[in-house]
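Read the figures in this text as sums done on the coordinates, not as results from a lab. Keep in mind it's a predicted model, so treat the numbers as computed, not measured. Using ideal geometry, Cβ is built from the backbone for each residue, glycine included, and neighbour counts are taken over all protein chains shown.
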Amino acid sequence: MREETATSGVPLKYRAFLSYSHRDSAAARRVHSRLEGFRVDKDLVGRDTAMGPVPRQLRPIFRDRHDFDAGGGLATQTVAALDQAAALILLASPAAAASKPVNEEVRLFRERHPGRPLIPLLLDGEPGSTTRECFPPALREAGDVLAADLRETGDGLQLALAKIAARLLGLPPDDVFRRAERDRRRRARIRHAIMGVLAALAVAATGSALYAWHELKTNEAFLDATLQTASGIVDTAVAQAEQYNVPHGATLALLTQAEGLFDDMAKYGRPTPELRYRKAQMLIQFARNYKILGNAEKEEARALEAWHLMAGLTREKENDLTYQNAFAATDVEVGDVLVAKGHLAEALAAYRDSAAIFDRLAKSDPRNAAWRYNLGISHERVGDVQMAQGDLAAALLSYRAKRDIDADLTTEAPDNNLWRRDLAVALNKIGDVLVAQGNLPEALKSYNDGKAIAVRLADAEIGRTGAQQDLAIFDERIGDVLVSKGDLDGALSAYRGALAIEEHLVKSDPAAADWQHNLSAYQERVGDVLLAQGRFADALASYQASYDARARLAKADPGNATWQRELSVADGKIGEVMVAEGHLAEALQSFRAGLAISAKLADADPGNTDWQRDLSVADVEVGDVLLAQHGQAAALKAYRDAWAIFDRLTRSDPGNAGWQHDYAVTYEKVGDALLAQGNRADALSA
């Protein structure tokens, strides 16, 4: 985004400012989400326009709602956001026309930034109407204003959003609308795919709809094949719905209707083992789709229903290996559901049951690679639960069993990248257990063995971001071990390897929040090593880069507590360097910035002990600097605030040794501050 003046080379913070009445909040949230998720055609990205180079997406867009402050004007944050917005989008309605804050936002934007686009988006009402005016007075003064109409009687949602996007991008509306129309048609195809799939399959298979439905009622083989194919199409439809941001509510409704159709079809056949098996497989697919859509209740219900069907089938046909294999796979699905609900003991039992079945199958036919691979997956799941339960010795055995299976499979099929990656993952998990056990040499060897595989995969799959990310993770793990071993030079090299990979990924897609987050973490690790080496200037540069990345994430998603918390950590890291360099005033400024964030998080969730501890640590950091600056009274207050938090924490969990230690250290600091004030008696009692 370009500035409209040449007063600064710094780009504007927001693509647009969305102005609306609080009565239209639901519509504003929908418009905001759709605009920020609006994807621009690849052939348009990078084109130079009056609004700057065309980006991949229209974000961020400012949407906060602030009323007048006590002085009758807009809140400071709102005015600042207006000044940092490349355009203003007005959600026009009778409520907006009557809203004083909306009118003031429009007036200020027109007055202060006349060269920037002001774009009305009609939600309700009519411009110029005596009873249903939708423009605030400040916009009516502008005369004829070109607006997009969100209503179905006007442009409709897709075309209206395309018009808005075109104005924000500085492109002709037709260029953007072609993309929006393609997207609309694609979504429509997805929405209709599930409902029409059965009839379409029947007609395609036989050439006659009437004959096809007759076959479904009388021909069990045809029924089974149709159900199998239809369930695959449903899976594809759900995946595409996710890819193209179809609302979850719509996809869930389609899934529910599809289940009803499948049930109706299944009633045509007798309850043969084959039909029950097919139904169980469909239920597993539905469970996976409900997981994608975040409906844990339906995911669990479908998985358990499938399990009961398969349990009955395996009892009836205990020698049928296909059913045994499917039953073991269903155990894994049920285990995954139980883990998600926190029921680790029950999940462990399910995973062990699956491992026992796959073990019998693999022994019955050692040449069957699929059964051996599935056995390895069960061992891994068992290990994951054991690790979560703190049973490190058992987890190590489980992960090593997985590693041995993967090693055999990759020896037999060295070109199978899936199995090679699984072997690398197993080595990574073994390394994690060994680190937890304190066996650093063996952990380092396991990580290096895994990295060697990751390097070959990254070379073989150039351009696949997952392979690059795996390699970065190994570099991170290796760096962590080397830090623990005191090899700072080796750790720095490893962390910089991970950092270089993440920088490349971020450049390929600057909007990817996960990569931005990883980038900031590796920058912090590099800074930690540089600080330990006494290279303060270099450490500060790394910490500042980490801070900048986290600040971008926090501004893009202010409600994300993780981003906010990590931003406070970055403030603390910068403060540490400033203290080491003797710049106490700058250190205090950084520590207080982190303290302010920690205080907001702790106030928002007083029951979150991690956030409470963060706040107490920030208080101590501030207190240390104040004491060094001879601000004994202020330091004492900061220490007492920290001590009060640790007092509450230790009372809530007297067995927590970490909190007991922090309590003692903080109480000692209270004594130091009292002694610095000359209050020897109180200091001695502390």
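Multiply the residue separation of R367 and L675 by 0.36 nm, subtract the distance between their alpha-carbon atoms, and state the gained length in nm to one decimal. Show your work: numbers first, answer last.
On the way: separation 308, 0.36 × 308 = 110.88 nm, distance 7.63 nm.
Extra length available between R367 and L675 comes to 103.2 nm.
What does the C-alpha gyration tensor say about the overall shape of the stretch 546-686? Classify as rounded when a/c is under 1.5, otherwise prolate if a/b is larger than b/c, or oblate.
On the way: a/c = 2.59, a/b = 1.31, b/c = 1.97.
Oblate, since a/c reaches 1.5 and b/c is not below a/b.
Taking amide hydrogens as modeled 1.01 Å from N in the peptide plane, which residues meet the under 5 Å criterion relative to H583, leaving out close sequence neighbours?
For H583, no residues qualify.
If one computes the Cα centroid of the stretch 90-118 and of the stretch 281-318, what distance in Å separates the two points?
Spelled out, the Cα-based centre of one part sits 53 Å from the other.
Which whole-number percentage describes the relative contact order of the stretch 442-543, with Cα contacts under 8 Å and a sequence gap of 6 or more? Present the calculation step by step, with values, prior to reporting the outcome.
Details: 100 pairs, mean separation 20.2, N = 102.
Relative contact order of the stretch 442-543: 20 percent.
Using the Karplus curve 6.51 cos²θ - 1.76 cosθ + 1.60 with θ = phi - 60°, work out ³J(HN,Hα) for each residue of the stretch 306-322 in order, rounded to whole Hz, and write x for Gly and Pro.
With the stated coefficients, the stretch 306-322 comes to 5, 4, 5, 4, 5, 4, x, 5, 5, 5, 6, 10, 5, 9, 7, 5, 4 Hz.
Cross-link list K279/K402; K451/K507; K485/K669; K573/K600: which exceed 28 angstrom alpha carbon to alpha carbon? List each step's numbers first, then the result.
Details: K279/K402 31 Å; K451/K507 23 Å; K485/K669 31 Å; K573/K600 19 Å.
Result: K279/K402; K485/K669 exceed 28 Å.
Based on the Cβ-Cβ distance from R592 to R112, what FRET efficiency comes out when R0 is 51 Å, to the nearest 0.05? List each step's numbers first, then the result.
Numbers: r = 31 Å, r/R0 = 0.62.
E between R592 and R112, to the nearest 0.05, is 0.95.
Counting pairs of alpha carbon atoms under 8 Å apart in space and at least six apart in sequence, what relative contact order in percent does the stretch 357-444 give? Write down the numbers at each step before the final one.
Working: 86 pairs, mean separation 19.7, N = 88.
For the stretch 357-444, the relative contact order is 22 percent.
Short version: ³J(HN,Hα) in whole Hz for each residue of the stretch 496-502, in order, from phi by Karplus 6.51 cos²θ - 1.76 cosθ + 1.60 (θ = phi - 60°), x for Gly and Pro, what are they?
Those phi angles translate into 5, x, 5, 4, 4, 5, 5 Hz.
When a/c reaches 1.5 or more, the comparison of a/b and b/c decides; with that in mind, is the stretch 443-533 rounded, prolate or oblate per its Cα gyration tensor? The partial results should precede the final answer.
Numbers: a/c = 2.67, a/b = 1.23, b/c = 2.17.
Oblate, because a/c is 1.5 or more while a/b does not exceed b/c.
Report the extension gain between Q629 and T272 in nm, rounded to one decimal, defined as 0.36 nm multiplied by the number of residues separating them, less their alpha carbon distance. Write down the numbers at each step before the final one.
Details: separation 357, 0.36 × 357 = 128.52 nm, distance 8.28 nm.
Taking 0.36 nm per residue and subtracting the Cα distance, the gain is 120.2 nm.
Taking R0 as 56 Å, what FRET efficiency do you get between T411 and D557 from their Cβ-Cβ distance, rounded to the nearest 0.05? Walk me through the numbers before you get to the answer.
Details: r = 46 Å, r/R0 = 0.81.
FRET efficiency, T411 to D557: 0.75.
Amide H neighbours of T49 under 5 Å, counting only residues 5+ apart in sequence or on other chains, H built in-plane at 1.01 Å?
Those lying under 5 Å, H to H, from T49 are V54.
Round to the nearest 0.05 the FRET efficiency obtained for A340 and T130 when R0 = 51 Å and r is the Cβ-Cβ distance. Don't skip to the end; give the middle numbers.
Details: r = 57 Å, r/R0 = 1.12.
Computed FRET efficiency for A340 and T130: 0.35.
For the residue pair K485 and A393, what label-to-label distance in nm results when each label sits 7 Å from Cα along the Cα-to-beta-carbon direction?
Modelled inter-label distance: 2.6 nm.
Classify the stretch 310-381 as rounded, prolate or oblate, taking a ≥ b ≥ c as the square roots of the eigenvalues of its Cα gyration tensor: rounded when a/c is under 1.5, otherwise prolate if a/b is larger than b/c and oblate if not. Write down the numbers at each step before the final one.
Numbers: a/c = 2.67, a/b = 1.42, b/c = 1.87.
Note, shape of the stretch 310-381 comes out oblate.
What is the gain in length, in nm to one decimal, between A296 and E668 on full extension, counting 0.36 nm per residue of separation less the C-alpha to C-alpha distance? Write out the running numbers ahead of the final one.
Numbers: separation 372, 0.36 × 372 = 133.92 nm, distance 4.82 nm.
Using 0.36 nm per residue and subtracting the Cα-Cα distance, I get 129.1 nm.
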